[in-house]
Amino acid sequence: MKILIVEDEKELANSICTYLGNEQFMCDVAYDFHSAMDKALVFEYACIILDIGLPGGSGLTILEELKRNDKADGLLIISAKNSLDDKVQALRAGADDYLTKPFHLSELGARVAAIIRRKSFDGKNVLSFDDLEMDLNERMLQVKNIPVELTRKEFDLLLYFISNKNKVITKTAIAEHLWDDHLGVSSNYDFLYTHIKNLRKKLMQAGTPDYIQSVYGMGYKFSLTR
Amino acid sequence: MKLFSKYNRINLLFTLLVFLIAGISYYFILRYVLVNQIDDDLKIEQREIQAHVLKYNRLPDELQVKDQVIRFQITTDSIPEKFGHIDMTEEHGTEEFRSLEFFIPVQSQMYKVTVLKSMEATEDLIQAIIAITLVTLLLLLVLFLLINRMILRKLWKPFYKSLDVMRSFQLGGKHSLNFPATNIEEFNIMNDTLKQAFQKAEQDYITLKEFTENASHELQTPLAIIRSKLDLLIQDQQLSAAQSLAVLAAYDSVQKLAHLNTSLLLLAKIDNRQFSEISAIDLKAVVQNKLLQLEELFSSKSLQIVTDLKPATILMNETLCELVLNNLISNAIHHNVEGGTVIVNLQSHKLIIANTATEAALDNEKMFDRFSNKTPKADHTGLGLSIIKQVCDVSHISCTYKYLDSKHHFIIEWVD
């Protein structure tokens, strides 16, 4: 699967590319309006990450052109402008999601994963990882076909982990994802720790290996350590 | 004190002072002149008596008419003539007389002659003149005051109009400055100067606002790059513990910077009235929902929540309403002690959020200013209260602070 990153800030584009690129995804990068338009119209992408402010034109023009050509690529808008109007306009024009800079790469990873999942499973929306199977429509988790009861926050947490598997995710990024902006800038993540502890316990009681690895004081990594 | 009252007071004081001095001097001068005249009459009488004695070599008859008395007394010593005052008691009261005493020899016998003239008429005259004068002056005074009042009011009208214009002026507001035209030079100069000053202030304000806004916007991308690089850096398995700590510190600072920037942008947006859509909000439901969302934060600090929620509706922008509640409640959590209390009290037109204070009362004057917090916590942007204040201002809601029973109380009040 290929992902197109349209972002005039080369360093940011490269960071995104490095983070998302793995055995599953291949990254393509465009730094300006015209090369972005060319690439988007010629190739098929699982997801296009589109910056609105581009040299040579607006990302919204690319978005409209893609829709006119009935391109089914997933579209994630990233913008420095956190304006409700822009968000509404982008979503109305056919974007799948909207993310404001500066974002956490893990948040971007989760959003891209969600867009691709919605596009490719055609409403089935089931996510698998090792022994885990998450039904996102029913919000159910099965471990080796046995249902495991999770709270809403635990389910979201697990989904976030799997969307960013094998990556170190900071506590801040997790907290912001789960509680939006409600926290303000808080240095106290005790409550996050409780949720992670409970999730880990439930998974291991269901017979899985310990997927969640704590990384120094920075955060957590969800991976298959076998 | 109003300009009119002040002017009138000073005016009245000085006029009265002048009247008093003038009245007293007037009385004495008038009296002096009239007494002089009586003295002249007495002198004439004296000369008549002397002429009589010279002619007939005897004294004239003692005479006593209504306002003039002449008396003779035999005496041995002779002293020079002298004027004086004598009060004489008569059946209808005391009467003041002006007297002239002199000595005259008649047939080798010394006589003291006293000529008295009544001052009653004089006093009456003085009183009448003074009364007439005072009444005239008083009338004049009243007239002056009235005229002054009318003229002043008319003359200063442009000034008061300009004052009204200035009072209704708001930086960044939509109203333009319209000072009334006047044909008085000073007021025109004042209006022009004011207009220039206000326009300059307005321009500076807009420039500053745009600068803040643009700066914040421009900061978003570098912040995004820094954060993304740090996100990549922590993926590195080779990081030593010391390096991890350094990255973590940088990460936290970027986090704070990003938050600060978002808050500044938010303030600019509220300032620009970008949240103008207003709807009736069921505040009770919103507050309940908010408390539910923040439940984990409450329990993480073992805070006790005391709620008393009555149904309430508020007309305002939904996003801003959320924002204020968010800030108020999370402030109540963050600036609380372990095991403290948060009180949420909602009435039909009033919302009180109180929390156990970690520090002393806040400075009511400065607390809503940006970055006024003198002891900023590492996890505090210093903009939370400014945002609350700004939202309340654009939504025409009042937000006040009180310190009671070592608790911070934030009181939001609104009218329909």
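The values are calculated or read from the model by the stated rules, or taken from the named source; none is laboratory data. From a predicted model like this one, the values you see are computed outputs, not experimental measurements. Note that each Cβ is placed from the backbone with ideal geometry, even for glycine, and that neighbours are counted across all protein chains shown. Side chains are part of the model used for accessible areas, which takes the heavy atoms of the whole protein and leaves out ligands, DNA and RNA. Shrake-Rupley method; radii C 1.70, N 1.55, O 1.52, S 1.80 Å.
Here are the numbers for the structure shown:
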| read-out | value |
| --- | --- |
| Average partner coverage of B:248-255, which counts Cβ from other chains inside 10 Å | 4 |
| Unpaired by the 4.7 Å Cβ criterion, cysteines found in chain A | A:Cys47 |
| Neighbouring partner chain Cβ atoms per residue of B:323-333, average, 10 Å criterion | 2 |
| Cα centroid of the stretch B:143-212 to Cα centroid of the stretch A:106-169, whole Å | 65 Å |
| Exposure ranking of A:Thr100, B:Thr76, B:Thr136 by accessible area [1.4 Å probe, largest first] | B:Thr76, B:Thr136, A:Thr100 |
| Interface residues in the stretch A:202-226 - accessible area drops by 10 Å² or more relative to the isolated chain, probe 1.4 Å | A:Tyr216, A:Gly217, A:Met218, A:Lys221 |
| Chain pair A, B: total accessible area buried, heavy atoms, 1.4 Å probe, Å² | 3500 Å² |
| Accessible surface of chain A [probe 1.4 Å, protein heavy atoms]: carbon and sulfur percent | 49 percent |
| Heavy-atom accessible area ranking, 1.4 Å probe, most first, across A:Glu44, B:Glu413 | A:Glu44, B:Glu413 |
| FRET efficiency estimate (nearest 0.05) - Cβ-Cβ, B:Val306 to B:Glu338, R0 25 angstrom | 0.90 |
| In Hz, Karplus ³J(HN,Hα) per residue of the stretch B:266-274 (6.51, -1.76, 1.60; θ = phi - 60°; x = Gly, Pro) | 5, 4, 4, 5, 5, 4, 7, 6, 7 |
| Interchain or long-range residues, amide H under 5 Å from B:Met316's placed H | B:Ser279, B:Ile281 |
| Simple spin-label estimate for A:Asp85 and B:Leu155 in nanometres, 7 Å along Cα-Cβ | 5.2 nm |
| For chain B, fraction of C-alpha pairs farther apart than 38 Å, in % | 60 percent |
| q = 0.09, 0.12 Å⁻¹: log10 I(q)/I(0) that the Debye formula gives for the protein assembly as shown, counting C-alpha atoms only | -0.91, -1.33 |
| Solvent-accessible ranking of B:His52, B:His92, largest area first, probe 1.4 Å | B:His92, B:His52 |
| Bridge type composition, the protein assembly as shown - antiparallel percent by DSSP, nearest 5 | 75 percent |
| Under Karplus coefficients 6.51, -1.76 and 1.60, residue-wise ³J(HN,Hα) of the stretch B:300-311 in Hz, glycine/proline x | 5, 10, 6, 7, 9, 9, 10, 10, 9, 10, 9, x |
| Test item: B:215-227 mean partner chain Cβ contacts at 10 Å | 6 |
| Estimated distance in nm for a label pair at A:Met1 and B:Ser253, the labels positioned 7 Å out from Cα along Cα-to-Cβ | 3.7 nm |
| Protection proxy ranking, peptides B:269-280, B:340-351, B:216-227, average beta carbon neighbours within 10 Å, highest first | B:216-227, B:340-351, B:269-280 |
| FRET efficiency, 1/(1 + (r/R0)^6) with R0 35 Å, evaluated for B:Lys82 and B:Leu141 via beta carbons | 0.20 |
| Highest to lowest packing among A:170-178, A:145-153, B:78-86, scored as the average C-beta count within 10 Å | A:170-178, A:145-153, B:78-86 |
